[in-house]
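The block underneath contains the structure these notes are about, expressed in structure tokens.
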Amino acid sequence: MQASDLLVKCLEEEGIEYIFGVPGEENADFMMSLENSDSIQFILTRHEQGAAFMAEAYGRLTGNPAGCLGTLGPGATNLITGVADSNMDRAPMLVLTGQGATTRLHKESHQAMNVVDMFKPVTKWAVSISHQDNIPEITRKAVRLARTEKPGAVLIELPENIAAMQTEKTPIKPVRFRRSVPEKNIVQQVAQRIAQAKRPIIVAGNGCIRERASASLRELCELTGIGVISTFMGKGAVDMDSEHCLYTIGLGAKDLTACALDASDLIIMLGYDMVEYHPHLWNENADKNIIHIDFLPAEIDEHYNPQIEVIGDLANALDMLTEEMKSLEYDFDFSQQQAVRRDMQAELAEYKDDDTEGLIKPQKCLWDLRKALNPQDILLSDVGAHKMWIARHYHCNEPNTCLIPNGFCSMGFALPGAIGASMVYPDRNIVAICGDGGFMMNVQEMETAKRMNSNILVIVWEDSGYGLIEWKQDTEFGRHTQLAFGNPDWLQLAQAFGWDGYFVKNSVDFASTLEKALAKEGPRLLVIPIDYSENPKLTEKLGKIVCPI
């Protein structure tokens with residue numbers, strides 16, 4: 001068969017369902033082969049970056065990679081931001097790019113550049129197919145690497161002349177492997193260390209929302225009563241309504257949750273990614289007792305030097321630890337954790353009944369949104385000041401129901417990400433919150449959403465500027481540089497793309513309009529003028545945090 005046909009058949013064998021992208025001339029053979037596939041659907045997007053974010057959201061929600069596709073040169077460079085975001089946020093992804101014929105790559109040539117070398121820093125593996133017979137091995141290796149903990153992005157480049165060649169090879173059948181489990185004696189040491197502690201605490205990172213780890217963590221908490229703080233990407237690892245939930249940590253300044261961390265004499269780090277929340281922020285003196293439990297050994301850092309590392313499948317490690325704890329006696333003091341949960345609950349509810357005229361407070365919007373959404377519904381956050389409010393004020397009953405980019409932290413994620421999420425869960429409410437800056441970075445995907453009839457609601461917080469940068473500059477320098485910009489007429493924009501549009505002016509009207517918007521189907525846009533005067537107030541509050549005990 002033709003090499004491009006073989007690549008498609010290999011992807012089918014791997015269970016790939018979707019490829020998002022913008023093809024070019026150098027993808028022509030592959031696209032013709034893909035058109036004949038009965039199991040892979042190609043989704044034409046309006047920009048390659050949008051394609052990458054759609055694939056990222058799919059990968060985060062399913063644990064399986066989707067493809068994102070671009071041609072050589074500018075198509076590949078347009079992909080790279082979304083690919084980097086997926087890789088650093090631990091979402092499996094296949095990146096498929098075309099390339100000029102191998103007969104011209106050794107010299108100056110139209111649109112040709114070294115795509116593989118460009119992608120190496122933002123992928124787990126990047127490779128160009130140099131011979132058509134290598135396609136089965138390359139595809140099998142790429143998908144395995146993308147899925148393997150910690151998951152991420154892998155690039156496969158297919159030069160146009162290789163795509164047209166003939167081959168007699170056939171796909172390799174995938175054989176899944178079970179991850180190694182920790183040694184029992186190491187888990188026993190950890191159990192003994194926990195039992196000897198007085199105020200142990202758990203920090204649940206991104207790894208806790210993957211591979212069944214959340215269910216195992218909840219069993220450990222039920223047995224021991226140990227409280228859990230989550231990172232931004234660990235939300236939902238424990239139920240927000242559980243007494244064990246101590247909410248989220250990761251803001252630059254000290255929050256109430258940090259009080260429980262400071263008071264603990266043993267910190268159990270689960271599935272922790274240092275890119276989310278650097279240890280110098282919570283272990284400044286490098287003197288805390290730390291246990292590291294994860295799929296991979298700890299990253300080396302002078303502020304993160306665990307006394308014990310438990311390496312292996314995270315869910316199995318937690319199951320083993322729960323079994324060991326059943327036979328031990330312990331007497332924990334959770335007074336600080338209970339006080340932190342109590343005070344944080346009061347913070348979350350502070351503005352739930354706010355009826356101020358004009359600008360809408362972030363806290364009020366998120367309170368109403370959490371009340372309106374079901375436990376299985378999914379919120380996607382873009383990147384900006386709103387991300388900080390979502391991290392602090394929006395909490396989850398289930399893992400993977402709040403997707404926040406917090407490794408690479410790229411703006412422009414939420415709108416295309418919501419389209420990808422709606423393809424995984426078409427029957428759930430899929431809501432994206434964007435700043436007006438981040439929304440306009442991939443506004444072209446409004447057309448994709450309409451064409452796909454994506455069942456999504458996008459809420460734009462309008463402040464007509466780059467609010468997070470303003471917040472940061474004001475805090476550090478007492479003023480900010482020029483960061484303001486204009487916006488479109490939002491209702492006309494929605495109408496132009498065939499979306500339902502809503503604009504809410506007052507807090508008192510938000511909940512009812514939200515309910516109306518959620519009851520609709522297809523793509524919907526809801527815009528609110530956001531009260532970012534709350535930003536410096538939060539900074540001032542965090543700077544004066546007094547721990548409850």
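Every number here is computed from the coordinates shown, using simple stated rules; none is lab data. Keep in mind the model is a prediction, meaning the values are calculated, not measured. Because the Cβ atoms are built from the backbone with ideal geometry, glycine has one as well, and the counts that use them run over all protein chains shown.
So the values come out like this:
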quantity	calculated
Rg in Å to one decimal, and Dmax rounded to a whole Å, for region 421-549 via C-alpha atoms	17.2, 55
Rough spin-label spacing in nm, given labels placed 7 Å along Cα→Cβ, for Ala496 and His278	4.1
Sequence-separation-based contact order of the chain, relative, with Cα cut under 8 Å and 6+ spacing, percent	14
Cα gyration tensor shape for region 184-341, rounded if a/c is under 1.5, else prolate or oblate	rounded
Region 531-549 and region 43-72: distance between their alpha carbon centers, rounded to Å	38
Spacing of the two label points (7 Å from each Cα toward its C-beta) at Glu35 and Val546, in nm	7.2
Cut-off under 5 Å, modelled amide H: who pairs with Ser128 long-range	Glu157
Note, ³J(HN,Hα) from phi for region 283-300, Karplus 6.51, -1.76, 1.60, rounded to Hz, x at Gly and Pro	9, 4, 8, 6, 10, 7, 7, 10, 10, 10, 10, 6, 5, 10, x, 5, 5, 7
Across the chain: Cys residues that no other cysteine approaches within a C-beta distance under 4.7 Å	Cys10, Cys68, Cys208, Cys221, Cys245, Cys365, Cys396, Cys402, Cys409, Cys434
Highest to lowest packing among 212-221, 67-76, scored as the average C-beta count within 10 Å	67-76, 212-221
Long-range HN-HN contacts of Asn397 with modeled amide H, under 5 Å	Met240
Nearest-0.05 FRET efficiency for Asn453 and Asp331, computed from C-beta distance (R0 60 Å)	0.55
Interchain or long-range residues, amide H under 5 Å from Thr248's placed H	Ser230
Environment charge of His244, counting only residues whose C-beta is closer than 13 Å and scoring Lys/Arg +1, Asp/Glu -1	-3
Region 153-179-region 1-32 distance, computed between alpha-carbon centres (Å)	10
Neighbourhood net charge (12 Å Cβ-Cβ; Lys/Arg +1, Asp/Glu -1) for Tyr351	-4
From the coordinates shown, mean projected area of the Cα convex hull in nm² corresponds to which of [x] 31.1; [y] 28.8; [z] 25.9	[z]
Expected 222 nm ellipticity per residue - DSSP helices of 4 or more, -39500 (n - 2.57), all of the chain, to 500	-11500 deg cm²/dmol
Cβ-based exposure ranking for Asp85, Asp239, Asp382, in which fewest neighbours within 10 Å come first	Asp239, Asp85, Asp382
Residues Lys107 and Lys352, FRET efficiency given R0 of 60 Å [Cβ-Cβ distance, rounded to 0.05]	0.35
Peptides 118-129, 183-194 ordered by average Cβ neighbours within 10 Å, highest first	118-129, 183-194
Computed E for Lys537/Arg193 - FRET, C-beta separation, R0 35 angstrom, nearest 0.05	0.30
Above-threshold pairs, the threshold being 31 Å between Cα atoms, out of Lys254/Lys364; Lys326/Lys544; Lys235/Lys516; Lys371/Lys505; Lys516/Lys544	Lys326/Lys544; Lys516/Lys544
Ascending count of other beta-carbon atoms within 10 Å, so fewest first, for Lys9, Lys150, Lys371, Lys387	Lys371, Lys150, Lys9, Lys387
